[in-house]
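A short write-up of the structure that comes next.
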Amino acid sequence: MMDQAKHALDYNPVFREVTLRRPEDFAPGERPEVSLHLLVKNGESCIRRLLENVGPYVDEIVAVANDCSDRTVAILREYAEFRGSGFNLDIIEVTSANHPELYILDAPETYALGKPLVGETFEGPFTGKPLLADWSAIRNLGWARCTKPWILFLDADDVVQDPESIPGLCLALDAVGADLATARYIYSAGKDEQSRADSLRERLCRNVAYISWHDVAHEGLRGQRKPVTIEGNLVVRDMRDSTGDGIRLPGRCLKLLYREARAKGWKVSPRELYVLAKEAWHTMPNFAIAVSDLYLAAEINHQRDGACHEERAMACCMRGEMHELRREFPRASEWYERALAEHPGSKAAFRLCRSRFCEKKWQEVVDAYQVGIANKAVLQIVDNGTGFEAMSKILVTAALDKLNRRDEALAMCEEALKAYPQEQALIVMREQFKAQP
């Protein structure tokens, strides 16, 4: 995703709350035709909701159903029957039996290709079962069979907040000759629909032969010539509420990226190094540091592959979080400041707010928070840090109290309570502030 989003900024059309034609304003046969492209595994618990959500605005479904053992395929067929004979449903069922070339055996020897990077031992855990090994390849199976001029691509547990914007957006993109739209993606929302963080991800694409999926994991689209960034229209929420069996196999992306890097002698793209470090840092921290060093040193490759300053900033943030886990707070702050030097990120500033709090540098806590708020005006592609902002309000409340700025502390406490209305510590703190003369 990062490469595509960077090109979107280079091209520079950013749609912010664009006025679009409503679906009811289209004459018969005038509405742009759209394929819905799905990659789904055991999505029975949520796929019907997605179909009801965007179904009225799509004219075809092309679904790659991998290793489905529930009623996902049956639900798709029921929906197509409901839509009638003019509606096209194309289902590609993929398993290790009918597509063995797309799978690897999840066993220790599979990941022992070439040489380790820093003498690490990859310890799994391993299932001993076939593991889908190339997510771009499986997506491209369905991608090539979409027949409509535009392709909308979603996950089964996504919900589009404004699906009625889809036809109008197709026309707006067509008017500027754009190939691809990256849109706001709110993830880890959960059933309470609390927004913890968000980013920009590809969502709507012109159906042209030169655009396809790449990379074995954290796959993204490449080949587009004129992408745009959408702010305000086509907002997608990842509800994270699919309860299907095996849909989120722990460590899946780490396994695929690690195997790929070892097989290529660690000569992979900067983006692959970035996402490998991101996947590894919780379970293989020393290895993740070595990988992130490779990434951050690859300045020439960064320019060649189009990775942007914001991605490098996020790599610096990752290093900062590693130091925080080790309670090395001054080092963490240094990395967050380096991140801010790379890109004016909101989340980096809110992380700095947290590390400065752990250093008990109260004024710098307030300063970092204010930088985070100011940076919200900058387009945040990778991660907007929504949840970090809310948590930072609690830290700033306490820091202002330490600075004896009680009126400001009370005002910030009220702000924090809007995000966490049931938090008893904040409620007690607010009452204490109010009781003070």
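Since every read-out is calculated from the coordinates, none of them should be taken as a lab result. Quick caveat, the model's predicted, so the values are computed rather than measured. As a convention, Cβ positions derive from the backbone with ideal geometry for all residues, glycine included, and neighbour counts pool all protein chains shown.
Take the chain, mark every one of the chymotrypsin sites (Phe, Trp or Tyr not before Pro) that falls in a DSSP loop and has at most 14 other Cβ within 10 Å, then report the longest stretch left between them, sites excluded. Excluding the exposed sites themselves, the longest stretch runs over 211-437. By the rule of a C-alpha distance below 21 Å, with chain neighbours fewer than 8 residues away ignored, the lysines paired with Lys434 are Lys393, Lys402, Lys418.
Annotation note: GluC sites (Glu not before Pro) in the range 336-437 located in DSSP loop regions with a Cβ neighbour count of at most 16 within 10 Å are Glu359, Glu423.
Cross-link partners of Lys267 among lysines, defined as those whose alpha carbon lies under 19 angstrom from its own and excluding same-chain residues fewer than eight positions apart: Lys115, Lys255, Lys278.
In terms of the Cα gyration tensor, with a ≥ b ≥ c the square roots of its eigenvalues, is the range 227-283 rounded because a/c is under 1.5, prolate because a/b exceeds b/c, or oblate? Mind showing how you got there, number by number?
Values: a/c = 2.89, a/b = 1.35, b/c = 2.14.
Judged from the Cα gyration tensor, the range 227-283 comes out oblate (a/c at least 1.5, b/c at or above a/b).
Neighbour counts of C-beta atoms inside 10 Å place Lys41, Lys360 in the sequence Lys360, Lys41, starting with the fewest. Taken along the Cα-to-beta-carbon direction at a fixed 7 Å, the label points for Arg248 and Val208 span 3.5 nm.
Bridging of Lys226 to aspartates and glutamates at a Cα separation below 15 Å is possible for Asp3, Asp10, Asp174, Asp179, Glu202, once same-chain residues fewer than 8 apart are set aside. The label point for Glu93 and the one for Thr283, both projected 7 Å from the Cα toward the Cβ, are 3.0 nm apart.
Label reach from Arg22 (point 7 Å along Cα→C-beta): in the range 215-237, amide nitrogens under 19 Å belong to 233-235. Listed values (1) 23.5; (2) 24.6; (3) 29.7 include one computed from this model; for Kirkwood radius over Cα pairs in Å that value carries the label (1).
Report, in deg cm²/dmol and to the nearest 500, the calculated mean residue ellipticity at 222 nm for the chain, where each DSSP H run with n ≥ 4 adds -39500 (n - 2.57) and the sum is divided by the residue count. Show your work: numbers first, answer last.
Details: 16 runs with 194 residues, N = 437.
Value at 222 nm, helices only: -14000 deg cm²/dmol.
I need the calculated FRET efficiency for the pair Gln363 and Glu415, taking r as the beta carbon distance and R₀ as 22 Å, to the nearest 0.05. Walk me through the intermediate numbers first.
Numbers: r = 19 Å, r/R0 = 0.85.
The calculated FRET efficiency here is 0.70.
Between Gln436 and Val378, the distance separating the two model label sites (each 7 Å from Cα on the Cα→Cβ line) works out to 3.3 nm.
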